[in-house]
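Here's the structure, in C-alpha cells; my notes come after.
The values are calculated or read from the model by the stated rules, or taken from the named source; none is laboratory data. Keep in mind that what you see is a predicted model, and the values were worked out from it rather than measured. As a convention, Cβ positions derive from the backbone with ideal geometry for all residues, glycine included, and neighbour counts pool all protein chains shown. Keep in mind that these areas ignore ligands, DNA and RNA; they rest on the heavy atoms of the full protein, side chains included. Shrake-Rupley method; radii C 1.70, N 1.55, O 1.52, S 1.80 Å.
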Amino acid sequence: MMTANMTNFEKQVWGIILAAGFSRRMGEPKMMLPYKGKPLIQHAIEECLKSQLDGIMVVVNPQINNLAEAVNMEGIDRILLNHQSHEGMSTSVKMGVQSLPETAQAAVFLLGDQPSMSSAEINRIIEDYHNHPDFSIIQARYLDNPGHPVLFKKHMFHQLLDISGDEGGKSVIKKCKQQVFYSNMNRKAIPDIDTPDEYRMLVDGELN
C-alpha cells in the first residue's frame, strides 16, 4: 500500500488511468459528466487510491476544460497532458509508459470512463501479478470476456511503445497471448460509458 512518504524508488506497481479521449460518441466531455455528485473520472481515481497500487498517474486531454483540475486529487502522483490525443489511445499508453520511473516493475492500465470499477478488481490483478510470476501480462476476465484492468510487466514496456492508432495494448496482448494470465473477476463486464444512453443507464442504476 502506498504511504505518504513513499518515494518513486519504492513505487513498483503503477496505475495509469487513460482519460484523454474526445468523447465523440457522447457528444460532450464524458469525463466531466456528473455522477453521484462528482465528475465521472473521479470515481475511477478514488478506486485506484483505495487499491494496492504503489503509484498513480492520469493521462488527460488538455483541450477538455477543467479536466486537469478535476483529476488533481490528493494521492495522484502525476498528471500527464496528452497533446496528441487526436491520434488515438496509443498516444496515452505510450505517454504513460514513458513517464514511469526507472524502478517501476509493472503498469496497470485502467479506463477513466469505467466508474463501476472497484479497488477489488485492481487488487486482484496485483495479487495475480505477485502469485503468477511466470506470466508477462495479467488481464481481467469477466465471465469469459477479457477487459480492464490490464497489467504489463516491465519487460513488455518496449512493445507498448511500438503500438499506434486507437487500439491501446490489444495488439500486444494478441501477439503475446501465451504470456497472458487471465484474472477471473467473477462478475459481469464493467461497462465503458461511451454514449448518452449508457450514461443515462448508469445514472438510473441500470448498469451496476
Extreme residue, nearest to Ala19 (Cα to Cα), among residues of region 154-189 that are in contact with a Pro (Cβ under 9 Å, 6 or more places away or on another chain) and open to solvent by less than 30 Å² (accessible area, probe 1.4 Å): Ile173
Failed criterion for Asn61 (all others in (1) surrounded by fewer than 21 Cβ atoms within 10 Å (Cβ to Cβ); (2) among the polar types (S, T, N, Q); (3) within 16 Å of the chain's Cα centre (by Cα) hold): (1)
